[in-house]
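First up is the structure itself, then whatever we jot down about it.
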Amino acid sequence: MSETASISTGIASRYATAVFDLATEDKALDALEADLATLEGALADSEDLRDLIASPIYSREDMQAGIAAVASAMGLGAIMSNTLKLMATKRRLFVVPQMAAALRGMIADHKGEVTADVVSAKALTKTQSDKLAKALKAAVGKDVKLNATVDEGIIGGLVVKVGSKMIDTSIRSKLNTLQNTMKEVG
């Protein structure tokens, strides 16, 4: 890991820990989880917001005013809103995505859940998602929350990542393996 990424991860984890502890004290984890989903959705949808948090050209005052307006418009709770304002004051908004990921992990650990990233060639149906979650729960021993995405490039099958374990049953992977085997033979 590069030094810059390591520093960013450290900063993000400290903010995430502080936010998590505050929400736990106030018994507001459900509200924090809702705020987190709102914030992650806004980051995914808004290029302007991503620019605000990442660009060094904005002054502290502009960042504070901008993030305060965004937090208010999104209806974020006091804990998340105040944290974002503090991060703007300290010019640390660039770590918001890493902080959100760390918070998501802390909340999942607290609930006894684990997140599985699932990539499929086409969208999974509700029944397929439920069966997969049930099978993963049996294998992992915890409740599994699926983070499903679609990548038509895998042709068929699934790529499932739970923690540091990855299971790749995609057709693309099997074709690549077959191609490598044929290269070794010829």
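The values are calculated or read from the model by the stated rules, or taken from the named source; none is laboratory data. Since the structure is predicted, the reported quantities are computational estimates derived from the model, not experimental observations. Positions of Cβ are backbone-derived with ideal geometry, glycine not excepted, and every protein chain shown enters the neighbour counts. In case anyone asks, the SASA skips ligands and DNA or RNA and just uses the protein heavy atoms, side chains included. Shrake-Rupley method; radii C 1.70, N 1.55, O 1.52, S 1.80 Å.
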Checklist outcome for this item: Selection from segment 125-164 of residues among the basic types (Lys, Arg), at pLDDT 90 or above and under 23 Å from GLY105 (Cβ atoms) yields LYS134, LYS137, LYS161
Item to check | Options ALA44, ALA65, ALA69: the member that is assigned to a helix (DSSP H, G or I), within 19 Å of ALA12 (Cα to Cα) and among the hydrophobic types (A, V, I, L, M, F, W, C) | outcome: ALA44
Item to check | Residues that are open to solvent by less than 80 Å² (accessible area, probe 1.4 Å) and of a type outside the set (D, E, K, R), drawn from segment 161-176 | outcome: VAL162, GLY163, THR169, SER170, ILE171, SER173, ASN176
Checklist entry - Does ALA68 satisfy being over 17 Å from MET99 (Cα atoms), small (Gly, Ala, Ser), open to solvent by less than 70 Å² (accessible area, probe 1.4 Å) and in contact (Cβ under 8 Å) with a residue 12 or more places away in the chain? => result yes
Checklist entry - How do the pairs read when you match residues in segment 162-180 that are closer than 25 Å to ASN147 by Cα with residues anywhere that are part of a helix (DSSP H, G or I) and among the charged types (D, E, K, R), using Cβ under 9 Å and keeping only pairs 6 or more apart or on different chains? => result ASP168/LYS174
Next on the checklist: All but one of (1) over 22 Å from GLU25 (Cβ atoms); (2) open to solvent by less than 40 Å² (accessible area, probe 1.4 Å); (3) modelled with pLDDT of 90 or more hold for ARG50; state the number of the condition that does not hold.
Outcome noted: (2)
Item to check | Residue check for THR83: of a type in the set (Val, Ile, Thr), under 26 Å from ARG14 (Cα atoms) and either outside any loop (DSSP other than H, G, I, E, B) or touching a residue at least 60 places away in the same chain (Cβ under 8 Å) (or both) | outcome: yes
